[in-house]
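Peer 1: Just dropping this structure here.
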Amino acid sequence: MTSQLNTQSVIFEQPTTHKVEGPKGFSPIRLALQLYGRMSPEKAGRLVNRMAFRPSRLPMPSRYEYLLDKADSYTQLQHGSRTIPVYSWGQGPVILGVHGWAGAGIQFGAWVTPLVEAGYRVVLFDAPAHGRAQGESTDLFEMAEVVAKVAASVGRVHGILAHSMGSIAVARTIADGLQASYLVMLAPPASLASVMDNLGRQLGLGQEVLSVHLRLMEERFGESVWEKLNLEALSSSLTQRGLIVIDDDDTSISPDESEQVSNNWDNANVLRTRGLGHHRLLWSPMVIETVLRDLGRPVDSV
């Protein structure tokens with residue numbers, strides 16, 4: 001359990017000029033699944049299970065997409081039958097960005113110039129079925145495998161930036177042997193189980209329907225799936241110095257969940273913000289500046 005002496009909690013307030021974000025595009029799906037669930041909970045649960053492995057490909061953040069054409073290095077890694085694009089900028093210790101579910105590497109575009117100017121090499125990639133990567137479906141275990149493969153391709157990784165469910169994939173990869181000195185988690189969920197519970201609430205799923213989906217998860221990955229992808233538990237074994245960023249207006253991942261993760265990570269400081277929600281954390285100048293101060297320049301941190 002992280003003591004208050006080891007955790008620095010800083011609250012930045014940003015005026016909320018946009019509507020607070022929430023789940024998008026769920027209303028028609030929610031209604032259809034509710035009706036289907038009344039007719040056949042088993043079939044509805046199997047449909048939910050198929051949907052759970054197919055992330056929506058969100059449009060690239062247009063404000064940063066130009067950076068992909070200006071990357072200092074572009075490579076393609078083969079993961080099974082699929083191609084994974086990997087981009088890097090700058091020279092120096094590697095900072096690896098790991099996006100969340102339905103995200104893309106370029107979501108960390110706002111970090112590229114500040115980190116390069118500070119003396120780091122920034123490496124971004126798209127996980128299978130995300131961004132420009134090939135594939136239609138994936139899962140957190142596969143995302144963790146890809147994190148390890150990308151890390152191995154660039155040499156020693158000094159620091160990792162992880163957003164949302166990408167934090168679970170990173171923690172799994174670290175538990176499986178990935179070395180890194182510094183770690184930032186932006187809006188991390190407590191566990192895959194909590195993510196599934198949240199999905200059930202968002203879609204208004206009955207317990208019978210959700211139980212079918214969870215049963216199929218265990219049949220596919222084993223009953224240990226919930227333990228292996230439990231970030232609250234995995235964080236207790238993290239030895240890296242790091243930072244957890246929690247926004248009190250996040251409606252995608254409960255701030256309480258992120259706080260549970262921080263309570264178990266002894267070497268993590270906590271940055272609390274307001275008005276940024278779940279995604280604006282990714283390009284907030286105040287968040288980037290705080291991480292840069294905490295990370296330090298390479299001469300101070302290597």
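Peer 1: Can you classify segment 213-302 as rounded, prolate or oblate using the Cα gyration tensor, where a ≥ b ≥ c are the square roots of its eigenvalues, rounded means a/c under 1.5, and otherwise it's prolate if a/b beats b/c and oblate if not?
Peer 2: Working: a/c = 2.52, a/b = 1.53, b/c = 1.64.
Verdict is oblate for segment 213-302.
Peer 1: Roughly to the nearest percent, how much of the accessible area of segment 165-240 is carbon and sulfur, given a 1.4 Å probe? Please report the intermediate quantities before stating the final value.
Peer 2: Details: 1340 of 2940 Å².
Carbon with sulfur: 46 percent of the solvent-accessible area.
Peer 1: How many Å² of accessible area per residue for the chain, probe 1.4 Å? Don't skip to the end; give the middle numbers.
Peer 2: Values: 13680 Å² over 302 residues.
Ligands and nucleic acids excluded, the result is 45 Å² per residue.
Peer 1: If you plug each phi of segment 246-261 into the Karplus form 6.51 cos²θ - 1.76 cosθ + 1.60 with θ = phi - 60°, what whole-Hz ³J(HN,Hα) values come out, in order, with x for Gly and Pro?
Peer 2: Whole-Hz 3J(HN,Hα) from phi for segment 246-261: 10, 9, 5, 9, 6, 9, 8, 10, 4, x, 5, 5, 4, 5, 4, 5.
Peer 1: Taking only the C-alpha atoms, wrap a convex hull around segment 64-157 and report its volume per residue in Å³ as a whole number. Before the final figure, lay out each step's value.
Peer 2: Details: hull volume 7.9 nm³, N = 94.
Once divided by residue count, the hull of segment 64-157 is 84 Å³.
Peer 1: If DNA, RNA and ligands are ignored and the probe is 1.4 Å, what is the ranking of ASP248, ASP126 by accessible area, most exposed first?
Peer 2: Details: ASP248 55, ASP126 5 Å².
Sorted by accessible area, descending: ASP248, ASP126.
Peer 1: Can you work out the Karplus-derived ³J(HN,Hα) for every residue in segment 100-109? Use 6.51 cos²θ - 1.76 cosθ + 1.60 with θ = phi - 60°, whole Hz, and x for glycine or proline.
Peer 2: x, 5, 6, x, 7, x, 5, 4, 8, x
Peer 1: Taking every pair of alpha-carbon atoms in the chain, what share in percent sits in each 10 Å bin, from 0 to the bin with the longest distance?
Peer 2: 6, 28, 36, 22, 6, 1, 0
Peer 1: At a Cα cut-off below 14 Å, give the aspartates and glutamates reachable from LYS228, other chains included and same-chain residues fewer than 8 away excluded.
Peer 2: Result set, ordered by chain and number: ASP139, GLU142, GLU145, ASP176, GLU218.
Peer 1: Rounding to the nearest 20 debye, state how big the charge dipole of segment 254-302 is about its Cα centre with +1 on each Lys and Arg Cβ and -1 on each Asp and Glu Cβ.
Peer 2: On the way: 5 positive and 7 negative charges, 54 e Å.
Around 260 debye, computed over segment 254-302.
Peer 1: Now, a different point. Could you work out how far helix 192-203 tilts from the main Cα principal axis of the chain, as a 0 to 90 degree angle to the nearest 10?
Peer 2: Long axis of 192-203 versus the principal axis of the chain: about 60 degrees.
Peer 1: Where does helix 166-175 land angle-wise versus the long Cα axis of the chain, in degrees 0 to 90, nearest 10?
Peer 2: The answer is roughly 70 degrees.
Peer 1: Are there GluC sites (Glu not before Pro) in segment 185-237 that DSSP puts in a loop and that have at most 15 other Cβ atoms within 10 Å, and which ones?
Peer 2: Working: sites: GLU208, GLU218, GLU219, GLU223, GLU227, GLU232; in loops: GLU223.
Answer in residue order: GLU223.
Peer 1: Once each part is reduced to its C-alpha centroid, what is the distance from segment 271-286 to segment 178-257 in angstrom?
Peer 2: Computed from Cα coordinates, the inter-centre distance equals 20 Å.
Peer 1: Using the Karplus curve 6.51 cos²θ - 1.76 cosθ + 1.60 with θ = phi - 60°, work out ³J(HN,Hα) for each residue of segment 84-92 in order, rounded to whole Hz, and write x for Gly and Pro.
Peer 2: Working through the residues one at a time gives 10, x, 10, 10, 9, 9, x, 10, x Hz.
Peer 1: Where does the longest stretch of the chain lie that holds no trypsin sites (Lys or Arg not before Pro) found in a DSSP loop with 12 or fewer other Cβ atoms within 10 Å?
Peer 2: Details: sites that count: LYS19, LYS24, LYS70, ARG156.
The reported range is 157-302.
Peer 1: On to the next question. So who's got an amide H within less than 5 Å of the one on LEU243, skipping anything under 5 residues away but keeping other chains? H placed 1.01 Å off N, in plane.
Peer 2: Long-range HN contacts for LEU243: LEU183, VAL184, MET185, ASN269.
The values are calculated or read from the model by the stated rules, or taken from the named source; none is laboratory data. Only a predicted model underlies this, so the values are computations on that prediction, with no experimental measurement involved. Here the Cβ is made from the backbone with ideal geometry for all residues, glycine too, and neighbour counts use every protein chain on show. What goes into the accessible areas is simple: the full protein's heavy atoms, side chains included, and nothing from ligands, DNA or RNA. Shrake-Rupley method; radii C 1.70, N 1.55, O 1.52, S 1.80 Å.
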